[in-house]
Amino acid sequence: MQKTLFIFFFTLISFGFIKAQTNEVDTLPKIRHHSVFLELGGNAGLYSLNYEYKFPSMANTTFTLGSGFSYYPTGANVDGTGTKYSHLLVVTPAANLLFGRKSHFFEAGLSYMLLVNQTMFRLGYRYQSNKSGFLFRAGFTPAIGGVIGSVPWAGLSFGYSF
């Protein structure tokens with residue numbers, strides 16, 4: 001009987017010292033699908049405000065879709081033809097492919113300037129932090145054909161991903 005009580009109490013006390021193992025490292029990183037950013041230069045001419053959605057990635061490739069807009073007041077000459085527009089609103093839908101891992105990406109894409117009928121390409125670098133949400137882009141964004149013709153151009157973007 002004493003032996004049984006001893007084993008019972010020993011087992012009861014032992015459970016107080018047993019701890020389950022926990023995984024303190026999150027194995028699935030937080031993916032920030034939505035981005036908003038200001039682009040200086042780039043797809044819409046002088047500047048644009050943009051929104052972009054990042055689709056779930058396959059291996060090292062990610063696809064994004066987005067759009068931006070910029071507003072030019074009366075008398076703006078943004079297409080290089082000498083035409084003075086009255087309150088021009090430029091909308092730029094865009095699609096990009098991102099190649100890379102974690103926060104650093106090579107970016108290749110295509111956009112179209114609505115109302116100005118201009119195609120723009122993008123080749124560049126993107127830093128998009130999954131921890132802080134900070135977004136930075138630098139790219140070569142030449143205009144090809146269209147109203148403007150073929151013109152080399154570049155852009156810098158700063159924004160936030162959530």
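The values are calculated or read from the model by the stated rules, or taken from the named source; none is laboratory data. All figures in this text were calculated on a predicted structure; none of them were measured in a lab. Positions of Cβ are backbone-derived with ideal geometry, glycine not excepted, and every protein chain shown enters the neighbour counts.
The table below lists the values:
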item	result
Options L156, L110, L89, L98; residue that is loosely packed, with under 14 Cβ neighbours inside 10 Å, part of a strand (DSSP E or B), in contact with a strand residue (DSSP E or B) (Cβ under 7 Å, 6 or more places away or on another chain) and not hydroxyl-bearing (S, T, Y)	L89
Meets criteria (at pLDDT below 95, of a type outside the set (K, R) and not in a strand (DSSP E or B)) for T81	yes
Single residue of F63, F37 found to be at pLDDT 95 or above, in a strand (DSSP E or B) and in contact with a Gly (Cβ under 8 Å, 6 or more places away or on another chain)	F37
Long-range neighbours under 6 Å by Cβ, at least six apart or interchain, first residue closer than 30 Å to S86 by Cα and modelled with pLDDT under 95 within the stretch 106-129, second surrounded by 21 or more Cβ atoms within 10 Å (Cβ to Cβ) and acidic (D, E)	V116/D79
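Yes/no matrix, rows are residues, columns are (1) touching a Lys or Arg at 6+ places or on another chain (Cβ under 7 Å); (2) of a type in the set (A, V, I, L, M):
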{"position": "K102", "(1), (2)": "no, no"}
{"position": "F105", "(1), (2)": "yes, no"}
{"position": "Q118", "(1), (2)": "no, no"}
{"position": "L123", "(1), (2)": "no, yes"}
{"position": "F134", "(1), (2)": "no, no"}
{"position": "G145", "(1), (2)": "no, no"}
{"position": "G149", "(1), (2)": "no, no"}
{"position": "S157", "(1), (2)": "yes, no"}
